[in-house]
Amino acid sequence: MSVSRREFLVQSGSCAAHIALAAAWMPAMSRTLWARQPIGPVVAREPFGSLERVADGVWALVSTPLTGDRTTLSNGGIIAGSSAVLAIEGFNQPQGAEWLAARARELTGRWPTHIALTHYHSDHANGIAGYLSHGDHPVLRSTARTRELVVARNQPADPARVAALNHAVVLSPTEPTTIDLGGRVVRIMPRVGHTESDVSLELEDPSLVFCGDLFWNAMFPNFVDAIPSKLGASVRALRRTRDTIYVPGHGAVGRAPEYDRYTAMLDEVERAARKAHAAGTSAADASAAFALPASLGDWTLFSKGFYQRAFEAWYRELPA
Ligand SMILES: [Zn+2]
């Protein structure tokens, strides 16, 4: 995958640019291992990702962006009840959303009736109009801030995307929203940290969380918009004590061991950033000297340039 400078500049506020740059740095072997461990049966496979059944009536799309196919880029999914179907994320291109909706109809008998966006980043939001392409009109939900940010920052603007967002039902930024899909209630929880407005989508039975980009599995996350102290708090709030399936924004579906490894990795970044900041070291110098300990496993696939954004995010928060 090659990424032009222009594309990077256009999308530099998104996870898409981050992933595309990561692809250039990842060893080939690591790329082939990407998302190769489904926890459930794969019901559809495309160059851009695999749809796997993670529980009864719940499917996760695990995108494989490092193949170079940019249809979806982010993960997402489908939650079905007896009377309604929720699709999660709008993906990078309308074809991605349309593809997921078509799979929902095959698997559940229904085109999605509800759509939820976890945050504004282009790889999660830009294809949202694809759900409207067959004359169906699912109810789209996002926070007001997410909607504002999609319209303001995800350029070039797409009139169909903006029109879809104009009909969105706004989620409370402070209170949970519940959606009853018929015998199945999804709780949408307002969060913050990966961006200034994130949401997670949560089920109790089975115990399952669609984490959006608050969780990246085996991939160093994008801190471009991060508020790291709040990110850490949100990541801890999502962790459940009982056996739980965590669908990340990027990477394979995880359970507690993967989730805890991610938390430990974030803690290591925090520890190093605080120490360097206290010593008066610049974010650039500190990130250049930074390495994750081998005990945290395979996070060392990326250019140290990606660490710099994380240190810069911490430095924004730490007192001057
Ligand atoms: Zn993101």
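Give Gly68, Gly96, Gly127, Gly40 a once-over and let me know the one that is within 27 Å of Asn154 (Cα to Cα) and modelled with pLDDT under 95. Step through it out loud before you land on a result.
On the way: Gly96 fails: modelled with pLDDT under 95; Gly127 fails: modelled with pLDDT under 95; Gly40 fails: within 27 Å of Asn154 (Cα to Cα).
Of the residues listed, the single one that is within 27 Å of Asn154 (Cα to Cα) and modelled with pLDDT under 95 is Gly68.
Pairs only if they're at least six apart or on different chains, beta carbon under 6 angstrom, first in region 39-60 and within 20 Å of Ser207 (Cα to Cα), second among the aromatic types (Phe, Trp, Tyr); list them, first residue then second.
Correct list of pairs: Leu51/Trp59; Arg53/Trp59.
All but one of (1) more than 16 Å from the ligand (Cβ to nearest atom); (2) within 26 Å of Gly49 (Cβ to Cβ); (3) in a helix (DSSP H, G or I) hold for Leu231; state the number of the condition that does not hold.
The one condition Leu231 does not meet is (1).
Which of (1) among the β-branched types (Val, Ile, Thr); (2) over 25 Å from Trp59 (Cα atoms); (3) within 16 Å of the ligand (Cβ to nearest atom) does Val151 not meet, given it meets every other one?
(3)
In region 194-203, what count of residues is obtained for those that are within 20 Å of Gly254 (Cα to Cα) and free of Cβ contacts under 8 Å to residues at least 60 places away in the same chain? Please lay out each step first, then the result.
Of region 194-203, the ones within 20 Å of Gly254 (Cα to Cα) are 194, 198-203.
Add one more test, that the residue is free of Cβ contacts under 8 Å to residues at least 60 places away in the same chain, and what stays is 202.
Residues meeting the conditions: 1.
Could you give every pair whose Cβ atoms fall below 9 Å, whose first residue belongs to region 212-241 and is at positive phi and open to solvent by less than 20 Å² (accessible area, probe 1.4 Å), and whose second residue is modelled with pLDDT of 95 or more and in a helix (DSSP H, G or I), counting only separations of at least 6 or pairs across chains?
Gly212/His124
With region 82-171 as the region, which helices (runs of 4 or more DSSP H) entirely inside it contain at least 2 residues that are surrounded by 24 or more Cβ atoms within 10 Å (Cβ to Cβ)? Even if it seems obvious, please write down each step before you answer.
Working: elements: 94-108, 122-125, 144-153, 159-166.
Per the criteria, 94-108, 122-125, 144-153.
Would you confirm, using the coordinates I've provided, whether Pro206 is touching a residue at least 40 places away in the same chain (Cβ under 8 Å), within 19 Å of the chain's Cα centre (by Cα) and open to solvent by less than 40 Å² (accessible area, probe 1.4 Å)?
Values: touching a residue at least 40 places away in the same chain (Cβ under 8 Å): yes; within 19 Å of the chain's Cα centre (by Cα): no; open to solvent by less than 40 Å² (accessible area, probe 1.4 Å): yes.
It is false that Pro206 is touching a residue at least 40 places away in the same chain (Cβ under 8 Å), within 19 Å of the chain's Cα centre (by Cα) and open to solvent by less than 40 Å² (accessible area, probe 1.4 Å).
At least 3 residues that are more than 29 Å from Ile78 (Cβ to Cβ), touching a Cys at 6+ places or on another chain (Cβ under 8 Å) and not acidic (Asp, Glu) in each: list the helices (runs of 4 or more DSSP H) lying fully within region 247-320 that qualify.
Working: elements: 256-278, 283-288, 304-317.
Output list is empty.
Quick check: anything in region 121-144 of a type outside the set (D, E, K, R), farther than 20 Å from Arg187 by Cβ and in contact (Cβ under 8 Å) with a residue 60 or more places away in the chain?
So the first thing to find is which residues in region 121-144 are of a type outside the set (D, E, K, R), and the list is 121-122, 124-135, 137-140, 142-144.
Subset that is farther than 20 Å from Arg187 by Cβ: 121-122, 125-135, 137.
Narrowing further to those that are in contact (Cβ under 8 Å) with a residue 60 or more places away in the chain: 121-122.
Yes, some residue in region 121-144 is of a type outside the set (D, E, K, R), farther than 20 Å from Arg187 by Cβ and in contact (Cβ under 8 Å) with a residue 60 or more places away in the chain.
The values are calculated or read from the model by the stated rules, or taken from the named source; none is laboratory data. All values derive from a computational prediction rather than experimental measurement. Quick reminder, even Gly has a Cβ in these numbers, built from the backbone with ideal geometry, and neighbours come from all protein chains shown. Heads up: the accessible areas ignore ligands, DNA and RNA and are worked out on the full protein's heavy atoms, side chains in. Shrake-Rupley method; radii C 1.70, N 1.55, O 1.52, S 1.80 Å.
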